[in-house]
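Since the structure comes first, as structure tokens, the remarks are kept for the end.
The values are calculated or read from the model by the stated rules, or taken from the named source; none is laboratory data. This one's a predicted model, so the numbers in the text were calculated from it and none came from an experiment. For neighbour counting, all protein chains shown are included, and Cβ atoms are generated from backbone atoms with ideal geometry for every residue, glycine included. Heavy atoms of the whole protein, side chains included, go into the accessibility calculation; ligands, DNA and RNA do not. Shrake-Rupley method; radii C 1.70, N 1.55, O 1.52, S 1.80 Å.
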Amino acid sequence: MVSLKKSYLFPTYNKYPVTIAKGKKTTLWDDEGKTYLDFMSGLAVCNLGHVPEKVKMRIQEQLEQLWHVSNLFHTKAQEDFAEKLVEISCADLVFFCNSGAEANEAAIKCARRYHQRVLENGRYEIITFEQSFHGRTLATLTATGQEKVKDGYLPLPEGFVHARFNDIQSVRNRITQKTAAIMLELVQGESGVHLAEPAFVRALSDLCREKGILLIVDEIQTGIGRTGNMFAYEHYGIEPDIITLAKGLASGLPIGAMLGMEKLRDAFSAGSHASTFGGSPLPMAAGLATIETLIEDGLFERAKKTGAYALDKLRNDLQDYPVIRAVRGLGLLIGIEFDEPVAPFIQELHQSGLLVLQGGTHVIRFMPSLYVTHDEMDKAIEILCHVLSKWKAAQVY
């Protein structure tokens, strides 16, 4: 591992003591040649694994043509990708940006402007949910239903209220004449892989239509095949007014997108919102190649089947370990809940060659490439069981 005497980076991350040098498919190598089975996928970004061939080739082609041009001009790459996203979703329009937080910022702004400039009713409040996560900008961390991300950033912007997840009455109690939109993660990944209940989601969708409230579904982590469908909302039989995307959208290149219904067109009229780098040709080329690969290789069905296999095997193989409280997930977004903090377990797993991520303080997340094989899943679970067996033995003595 490269040893840095001094880092010139702000210490905003508690970095793991590993320097990653190379990646291919579901394998990573550190700078000393040690291999790791990657079940983090760059925080659910590398849904096609590392350095997917078709995406690499498309980026190389685009590198020879155009890297950047102002959004004051048309580019074929941007128009082609926007058309593809509309084709595969329930949306009609796309705004491109550079990250999930920016996509959620765009959604918040679009919802407010729709009510204030199109409907002229003055609404501005957004209802979000406890334990949600929507980003790190001032608006999106305020929208986030976790206090830990807000420490030291007072005063926070007004206009956000939190309801209890999977509690429709809690939502009803928070709706006022100011309510413009409800923002929902269908799987709360960052806080521990908590799934929205189908009856709750249907009731929420009906409530939004009844009250004239926009429904925003944050698909930053769940979108682009992660849950076994292109988008998680497809599991629930609803059509959101706004969908936000980022992580898996361009196989690792910085990107974000807000998708919306036709009725929102006038809310984002010329000059109302912008992004200098949003929609640049390189991430557009990577994004289109990513979506094409997902469809051509049938990765939705693969993620669905492999995810179901993993859930069954985890529940079976982990039942003899008293530290395990629950296993839950959707597709290849899986949470393993412990009855104590998981940080020490994660350190042991990394040392054993399996890279995983926390979800809250008590949950380990499995988020491998959608190409992950049953053999790779078996190996990951074998490593987890080995670490748990060491823990169990230590408890006895």
Problem set entry | Per residue accessible area in Å² of the range 81-223, where ligands, DNA and RNA are left out and the probe is 1.4 Å | 41 Å²
Exercise. Among the DSSP beta bridges whose two residues both lie in the chain, what percent are antiparallel, rounded to the nearest 5?
Worked result: 65 percent
For this session: Just tell me which aspartates and glutamates come within less than 14 Å, Cα to Cα, of Lys390; anything on the same chain fewer than 8 places away is out.
Result: Asp320, Glu348, Glu382
Exercise. What ranking do 182-190, 14-22, 294-302, 241-249 get when scored by the average of other Cβ atoms within 10 Å per residue, highest first?
Worked result: 241-249, 182-190, 294-302, 14-22
Problem set entry | Between the range 248-277 and the range 42-77, the Cα center-to-center distance that results, in Å | 17 Å
Exercise. Extension gain Arg136-Tyr16, at 0.36 nm per residue separation less the Cα-Cα distance, in nm?
Worked result: 41.1 nm
Exercise. Rounded to two decimals, what ratio of Rg to Rh does the range 48-184 give with C-alpha atoms and a Kirkwood Rh?
Worked result: 1.06
Exercise. When the gyration tensor of the range 244-397 is built from Cα positions, what are the square roots of 5 times its three eigenvalues, in whole Å, from largest to smallest?
Worked result: 38, 18, 14
Exercise. For Glu83 and Asp167 in one chain, what is 0.36 nm times their gap in residues minus the Cα-Cα distance, to one decimal in nm?
Worked result: 26.6 nm
For this session: Pick out, in residue order, every one of the GluC sites (Glu not before Pro) in the range 1-100 that is DSSP loop and has at most 16 other C-beta atoms within 10 Å; say none if there are none.
Result: Glu32, Glu64
For this session: For the chain, state the average projected area of the convex hull of the C-alpha atoms over all orientations, rounded to one decimal in nm².
Result: 21.0 nm²
Exercise. What does the helix-only formula give at 222 nm for the chain: each DSSP H stretch with n ≥ 4 adding -39500 (n - 2.57), the total divided by the residues, and the result rounded to the nearest 500 deg cm²/dmol?
Worked result: -10500 deg cm²/dmol
Exercise. Taking only protein heavy atoms and a 1.4 Å probe, what accessible area per residue, in Å², does the range 1-52 have with all protein chains in place?
Worked result: 71 Å²
For this session: Return the carbon/sulfur percentage of the accessible area of the chain, one whole number, probe 1.4 Å, all protein chains in place.
Result: 53 percent
Exercise. For the chain, what's the relative contact order in percent, using C-alpha pairs closer than 8 Å and at least 6 residues apart?
Worked result: 22 percent
Exercise. For the residue pair Glu64 and Asp339, what label-to-label distance in nm results when each label sits 7 Å from Cα along the Cα-to-beta-carbon direction?
Worked result: 6.1 nm
Exercise. For the range 221-269, what's the radius of gyration and Dmax over Cα atoms, in angstrom?
Worked result: 12.2, 35
Seminar exercise, completed: Between Ala274 and Lys392, the FRET efficiency computed from the C-beta separation at R0 = 51 Å comes out, to the nearest 0.05, as 0.35
Exercise. So what's the gap between the Cα centers of the range 320-368 and the range 176-213, to the nearest angstrom?
Worked result: 27 Å
Seminar exercise, completed: Scoring the range 6-63 by relative contact order with C-alpha pairs under 8 Å, at least six apart, yields a percentage of 24 percent
Seminar exercise, completed: Heavy-atom accessible area per residue of the range 250-299, all protein chains kept, 1.4 Å probe, expressed in Å², is 37 Å²
For this session: Mind checking the full-extension length gain between Ala199 and Leu9? Use 0.36 nm per residue of separation minus the Cα-Cα distance, one decimal, nm.
Result: 63.8 nm
Exercise. Which of Ser280, Ser170, Ser191 moves most in a GNM of the chain, Cα contacts under 10 Å?
Worked result: Ser170
For this session: Rounded to whole Å and sorted largest first, list the principal axis extents of the Cα atoms in the range 207-320.
Result: 58, 41, 26
Exercise. Mind listing which chymotrypsin sites (Phe, Trp or Tyr not before Pro) in the range 66-95 are in a DSSP loop and have 15 or fewer other Cβ atoms within 10 Å?
Worked result: Trp67, Phe73
Exercise. What is the ratio of the Cα radius of gyration of the range 29-110 to 2.2 N^0.38 Å, where N is its residue count, to two decimals?
Worked result: 1.42
Exercise. What residue among Val51, Val372, Val69 has the largest mean-square fluctuation in a Gaussian network model of the chain, using Cα springs under 10 Å?
Worked result: Val69
Exercise. At Ser352 and Tyr153, where each label point lies 7 Å from the Cα along Cα→Cβ, what is the point-to-point distance in nanometres?
Worked result: 3.5 nm
Exercise. Label Glu210 and Lys24 with points 7 Å out from Cα along Cα→Cβ: what is the distance between them in nm?
Worked result: 5.7 nm
For this session: Just give me a number: lysine pairs in the range 225-340, eight or more positions apart or cross-chain, with C-alpha atoms less than 25 Å apart.
Result: 4
